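The values are calculated or read from the model by the stated rules, or taken from the named source; none is laboratory data. These numbers were taken from a predicted model, which means no experiment stands behind them. A quick note on method: Cβ atoms are made from the backbone with ideal geometry, for glycine too, and the neighbour counts reach across all protein chains shown. Calculation scope for accessible area: heavy atoms of the full protein, side chains included, ligands and nucleic acids excluded. Shrake-Rupley method; radii C 1.70, N 1.55, O 1.52, S 1.80 Å.
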Amino acid sequence: DPKNIEAKEGKALVKLGTGEYDEAGTLLTQVYQADKTRWRAINGLAILLVQRGMHADAIAYFKEAAKHSKGNVSVLNNLGLTYAINNQYRDATQTLQKAVDATEPKSPLRRNVELNMALILGINGDLDLAENILKRNMPPAGVDNNLGLYAYLANNESLAKSYLNTALSKSPYHYERAWENLSTITQQSKGAATKKLDPKAKVLKVK
């Protein structure tokens, strides 16, 4: 049934998840043209816009998706992260707070969104607020590790945006191998050969 919008949208989202962005974009555009109220398609188009560096346009699409699915944690999470990529930190934290408020206390989903909030606060230099959030969600070693990473990212805009993009693409890494990360950062600061930060990470997803 070539006119089945649900099937076409489902295929598009799978293509988006596997990184086949051109085909995903084509299918999502077709779904959107057929029904401009489908929040999943709009959210998917917004993610594609972020991948292309069109952050202002992506924000507009995420806002549109939020109108058609009020209180949707996934959309609010994506919108908040995109605000941060676009250096709109106040909008980012306010939006992620709405996402936190829409989740159940102590749920894995709430933890994921709060860790994204801590990432944004830390990159923006609000390490005390970030620490308060981390302490609710991570063991002490993980807290110290993340704070060290945030401090490093705060002076490296391109790397910070890379981590935010990672979170947006639904594979946000929250590090718990403190010594490996901090050792890498220390070596870089001493002029050692650059190493890629590659600790054994725990992958947390906002679905």
Next item on the list: Could you check, for the stretch 38-61, whether at least one of its residues is more than 30 Å from Ala151 (Cβ to Cβ), open to solvent by 50 Å² or more (accessible area, probe 1.4 Å) and among the β-branched types (Val, Ile, Thr)?
Entry: no
The lone condition Arg52 fails out of (1) closer than 18 Å to Asn137 by Cα; (2) modelled with pLDDT under 95 is (1)
Leu129 fails exactly one of (1) surrounded by fewer than 22 Cβ atoms within 10 Å (Cβ to Cβ); (2) at pLDDT 95 or above, namely (2)
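Those residues that are surrounded by fewer than 22 Cβ atoms within 10 Å (Cβ to Cβ) and touching a helix residue (DSSP H, G or I) at 6+ places or on another chain (Cβ under 9 Å), I need them from the stretch 11-21; list them, please.
Those that are surrounded by fewer than 22 Cβ atoms within 10 Å (Cβ to Cβ) and touching a helix residue (DSSP H, G or I) at 6+ places or on another chain (Cβ under 9 Å): Lys11, Leu13, Val14, Lys15, Gly17, Thr18, Glu20, Tyr21.
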In this structure, is Arg52 among the charged types (D, E, K, R), under 18 Å from the mean Cα position of the chain (by Cα) and more than 22 Å from Gly122 (Cβ to Cβ)? yes
